[in-house]
1. Using the 10 angstrom Cβ neighbour count as an exposure proxy, how do Lys145, Lys109 rank, fewest first?
2. Using Cα pairs under 8 angstrom and six or more residues apart, how large is the relative contact order of the chain, in percent?
3. Taking 30 Å as R0, compute the FRET efficiency from the Cβ-Cβ separation of Tyr64 and Leu84 and round it to 0.05.
4. Report the charge-dipole magnitude of the chain in Debye, nearest 20, computed about the Cα centre from +1 at each Lys and Arg Cβ and -1 at each Asp and Glu Cβ.
5. Can you put His21, His143 in order of Cβ neighbours within 10 angstrom, beginning with the fewest?
6. Towards the positive end of the charge dipole of the chain, with charges on Cβ (+1 Lys, Arg; -1 Asp, Glu), say which of Leu110, Leu128, Ser60 has the farthest Cα.
7. PRE reach from Lys159 (point 7 Å along Cα→Cβ): which of region 96-116 fall under 20 Å by backbone N?
8. Express in whole angstrom the spacing between the alpha-carbon centres of region 5-25 and region 100-155.
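Bear in mind these aren't lab numbers, they're just calculated from the coordinates by the rules spelled out. Not measured: the values here are computed from a predicted model. Neighbour counts run over all protein chains shown; Cβ positions are idealised from the backbone, glycine included.
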Amino acid sequence: MKYAGIIFDLDGVLCSTDEYHYRAWKMLTDRLGIPFDRKVNERLRGVSRMESLEIILEKSVQKYSNEEKQRFAEEKNENYRKLLSSMSSADLSAEVVDTLGNLRAQKVKLAVGSSSCNAPLILKKLELDSFFDAVVDGNDIIHSKPSPEVFLKAAERLKLPPSQCLVVEDAEAGVQAAAAGGFDCAALGRVQQPVRWRMKTFSDLLKL
Ligand code: B16
Ligand code: MG
């Protein structure tokens, strides 16, 4: 492993909560009669809750007040947390568990860099809450991805410069954030932008 530290995105990288985000927004948009599909959902990856709502409302004929938007964001989050309620360590794939264990054995410092305010709850459910050397999430930052803030804070907590850390992402916003912070990035999934590494599967990290 050529990197001293790895900063993992959470939703869509360590676990499949990206699907729950989609379903939670879909419940809200169906109720409001706003068109919402997986194509729009791709734009929400890595983006904060309120910014996600603004993207969704681009397709709304009706205009809403800030108070209404606040309530919609809360409703989506309630939907999301209900979907998270049955989550457990069984939702972590064996591949992720084995790969994290292997990296830890190689003494690579490991962090989470997520835009989600629900990251502490998810890590607890996955029984990963005391596994990482650092966790930076939506509660710790002012600017969501594509700002590099979340990754810069994670690197700082690992006591490593960005040049020695790899960011692992599934989102265009996350890849942009990594580049803006001076990090190499490994991308999972349908990311279109150029990245240093393209992963087919999580354990590809062990080939770097
Ligand atoms: P919450 P990540 C991001 O997490 C999700 O990709 C994005 O879809 C979501 O809107 C954002 O967290 C905020 O999440 O509503 O739980 O605070 O991919 O950066 O781990
Ligand atoms: Mg993600």
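1. Least crowded to most crowded, the residues run Lys109, Lys145.
2. So the answer I get is 27 percent.
3. With a Förster radius of 30 Å, E is 0.70.
4. So the magnitude is around 280 debye.
5. Exposure proxy ranking, most exposed first: His143, His21.
6. With unit charges placed on the Cβ atoms, the residue in question is Leu110.
7. Label zone hits: 104-113.
8. Taking the Cα centre of region 100-155 as reference, the centre of region 5-25 is 12 Å away.
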